[in-house]
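*Asks:* Got a structure here, written out as structure tokens. Questions coming.
The values are calculated or read from the model by the stated rules, or taken from the named source; none is laboratory data. Please read all numbers here as calculations on a predicted model, not as lab measurements. A quick note on method: Cβ atoms are made from the backbone with ideal geometry, for glycine too, and the neighbour counts reach across all protein chains shown. Heavy atoms of the whole protein, side chains included, go into the accessibility calculation; ligands, DNA and RNA do not. Shrake-Rupley method; radii C 1.70, N 1.55, O 1.52, S 1.80 Å.
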Amino acid sequence: SLTEGMFQEDWRIRHSSVQLLGELLCMVGETKAAGVTGDDADDDDEFEGGASLSRVSQKIRNHIGDRETNQVLASLYIVRSDVSMSVRQSALTIWKSVVSNSPRTLMEIMPVLVGQLIEKLASPSEMLRSVAGSSLGDIVAKLGDKVLPAVVKPLREGLRSEVVSQRQGVCSGLNEIMTACTRKQAEDYIDVLVPALQQALCDPALEVCSQAAKAFQTLFKSVGVKAIHQIVPTLLATYGDGSGAESQLALQGLREIVKLRPRDLLEYLLPTLMVSPVSVTCARALGSIMEVAGPQLHHYISTLIPALVLELSSTDAKVEALRATAADSASDAAQLDSESVRYEALKDAAAAVMGAITTDGVHHLVGELGRQMDHDTSAKRRRWGCWLAGQFFTHSQASFSEYVPVMLKFLLSRVAESDRPLLQATVDALQALATTVPAGDF
């Protein structure tokens, strides 16, 4: 059909299809094509024509029906953003010939238009994705305050599709909307945009979630940290309170946005996740996020390492105290079980932090671990400093050969300690170092 021809790869076919469709619509509507002075003559006034154009539109609807008219007009509007100037001009000419009031017509055909945009945003054709994205951005740029809620609603419905490519197209559409919005529009309609983003970030398909994270990044560029405060707490709450599947999907969404804005997200997440006593869910979230934090983690080593050491020390002490009384108290035994789970989750998170350190961050880490291992008054802090060093040697892929003498100095100064857990942590760290570092480097 002519509407299908309007979206072919060959611009000549698209151009011919638009012209033929225009002739057909003008014939049915008993009118002539309007004149357009140039490619920039596309600003849609509130009322572009008078009663004559309204009659033209009504004649077309009477002949081909409302459903087909909406489909044709939606396709024609999208083609107004074609990559070819000739196709754009022809589509604009036909649009102005048969539409009397663009804003009103767009609102009437919005569900059909958004459906077509989603389909094309999910297309394997780069050309179609570009055209659809430009068209959606054009709608929001021109009619943002009037059209944003009407556009986002069908987009959210598209997120319920069972077809992954369509949901991915929806996220591309959300990204285009964020790009086209002014800062004021984004702030005014953030309550409309945020639920759609939250839904997309929790999608079971990773490619959909990744595309939603790009839309989040665009929103962040527009409204700043407000985007974090609107979206991240809900993801954390879903992770902590949801079912197994919901929790993992929320965590996946959190990881995807951390990948794109690591420093901004870590600045918000680390103080939130490290509130003492650190819960099991927070510890597990911390460990998962560390895997994608990248080099931005290094900016927080000086605060994160002491916080981990203190939390590990206090939790270890609590577990030991409960072990001493668990045999005589059922409540202490139950509490011991929950605290033991939290303890292990904390150790896993700390190991993930050590494993996430890259070569550029080794200098900062060595200095901070040294302060913990040489702590004057607390054997527990010295113990957990040594333990973290052992985890770093075991899990990190960073190159640290030039710091081996420094680490050896810190560890060997602990071999005469009388505290058995500290001594054991020191021996374990030395063994990990010896296993990791070639003998020649010593």
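Here is a yes/no grid of residues against (1) crowded, with 20+ Cβ neighbours inside 10 Å; (2) not in a loop (DSSP other than H, G, I, E, B); (3) not aliphatic (A, V, I, L, M):
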{"site": "ILE257", "(1), (2), (3)": "yes, yes, no"}
{"site": "LEU266", "(1), (2), (3)": "yes, yes, no"}
{"site": "THR281", "(1), (2), (3)": "no, yes, yes"}
{"site": "ALA285", "(1), (2), (3)": "yes, yes, no"}
{"site": "VAL292", "(1), (2), (3)": "no, yes, no"}
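*Asks:* Now for a different question. Among the residues of the range 102-118, count how many are touching a residue at least 12 places away in the same chain (Cβ under 8 Å) and open to solvent by 10 Å² or more (accessible area, probe 1.4 Å). Walk me through it before giving the result.
*Replies:* Start the filter on the range 102-118 by keeping residues that are touching a residue at least 12 places away in the same chain (Cβ under 8 Å), which leaves 102-103, 105-118.
Next, from what is left, pick out any that are open to solvent by 10 Å² or more (accessible area, probe 1.4 Å): 103, 105, 107-108, 111-112, 115-116, 118.
Looking only at that region, the number is 9.
*Asks:* Going by the conditions given, is ALA389 of a type outside the set (Phe, Trp, Tyr), within 18 Å of THR435 (Cβ to Cβ) and in contact (Cβ under 8 Å) with a residue 24 or more places away in the chain? Talk me through it step by step, then tell me what you get.
*Replies:* Numbers: of a type outside the set (Phe, Trp, Tyr): yes; within 18 Å of THR435 (Cβ to Cβ): yes; in contact (Cβ under 8 Å) with a residue 24 or more places away in the chain: yes.
When the stated conditions are applied, ALA389 passes them.
*Asks:* Quick one: is PRO277 touching an Asp or Glu at 6+ places or on another chain (Cβ under 8 Å) and open to solvent by 50 Å² or more (accessible area, probe 1.4 Å)? First the steps, then the outcome.
*Replies:* Values: touching an Asp or Glu at 6+ places or on another chain (Cβ under 8 Å): yes; open to solvent by 50 Å² or more (accessible area, probe 1.4 Å): yes.
Yes; evaluated as a whole, the condition is true for this residue.
*Asks:* Here is a further query. Which members of the range 391-412 meet the condition of being open to solvent by less than 50 Å² (accessible area, probe 1.4 Å) and either touching a Leu at 6+ places or on another chain (Cβ under 6 Å) or modelled with pLDDT under 95 (or both)?
*Replies:* If the condition is that a residue be open to solvent by less than 50 Å² (accessible area, probe 1.4 Å) and either touching a Leu at 6+ places or on another chain (Cβ under 6 Å) or modelled with pLDDT under 95 (or both), then PHE393, SER396, ALA398, PHE400, TYR403, VAL404, MET407, LEU408, PHE410, LEU411 are the ones that fit.
*Asks:* Which number in (1) under 11 Å from the mean Cα position of the chain (by Cα); (2) open to solvent by 50 Å² or more (accessible area, probe 1.4 Å) marks the one condition that VAL232 misses?
*Replies:* All conditions are met except number (2).
*Asks:* Moving to a separate point now. From the set of residues in the range 347-378 that are in contact with a Phe, Trp or Tyr (Cβ under 9 Å, 6 or more places away or on another chain) and among the charged types (D, E, K, R), which is surrounded by the most Cβ atoms within 10 Å (Cβ to Cβ)?
*Replies:* So, considering only residues that are in contact with a Phe, Trp or Tyr (Cβ under 9 Å, 6 or more places away or on another chain) and among the charged types (D, E, K, R), the one surrounded by the most Cβ atoms within 10 Å (Cβ to Cβ) is LYS347.
*Asks:* Report yes if SER418 is within 40 Å of the chain's Cα centre (by Cα) and open to solvent by 60 Å² or more (accessible area, probe 1.4 Å), otherwise no. It would help to see each step written out before you state the result.
*Replies:* Details: within 40 Å of the chain's Cα centre (by Cα): no; open to solvent by 60 Å² or more (accessible area, probe 1.4 Å): yes.
It is false that SER418 is within 40 Å of the chain's Cα centre (by Cα) and open to solvent by 60 Å² or more (accessible area, probe 1.4 Å).
*Asks:* Run down THR325, THR315, THR303 and say which single residue is within 28 Å of GLY244 (Cβ to Cβ) and part of a helix (DSSP H, G or I). Write out each step before concluding.
*Replies:* Details: THR325 fails: within 28 Å of GLY244 (Cβ to Cβ); THR303 fails: within 28 Å of GLY244 (Cβ to Cβ).
The unique qualifying residue is THR315.
*Asks:* I need the full set of residues from the range 268-308 which are more than 16 Å from VAL362 (Cβ to Cβ) and hydroxyl-bearing (Ser, Thr, Tyr), in order please.
*Replies:* Within the range 268-308, TYR268, THR272, SER276, SER279, THR281, SER288, THR303 qualify.
*Asks:* If GLU344 satisfies all but one of (1) open to solvent by 80 Å² or more (accessible area, probe 1.4 Å); (2) farther than 16 Å from ALA317 by Cα; (3) in a helix (DSSP H, G or I), what's the number of the condition it fails?
*Replies:* So GLU344 meets the others, but not (2).
*Asks:* Report whether or not ARG381 is open to solvent by 10 Å² or more (accessible area, probe 1.4 Å), in a loop (DSSP other than H, G, I, E, B) and touching a residue at least 40 places away in the same chain (Cβ under 8 Å). So that I can check it myself, show each step before the final result.
*Replies:* Details: open to solvent by 10 Å² or more (accessible area, probe 1.4 Å): yes; in a loop (DSSP other than H, G, I, E, B): no; touching a residue at least 40 places away in the same chain (Cβ under 8 Å): yes.
Considered against the rule, which asks whether it is open to solvent by 10 Å² or more (accessible area, probe 1.4 Å), in a loop (DSSP other than H, G, I, E, B) and touching a residue at least 40 places away in the same chain (Cβ under 8 Å), ARG381 comes out as no.
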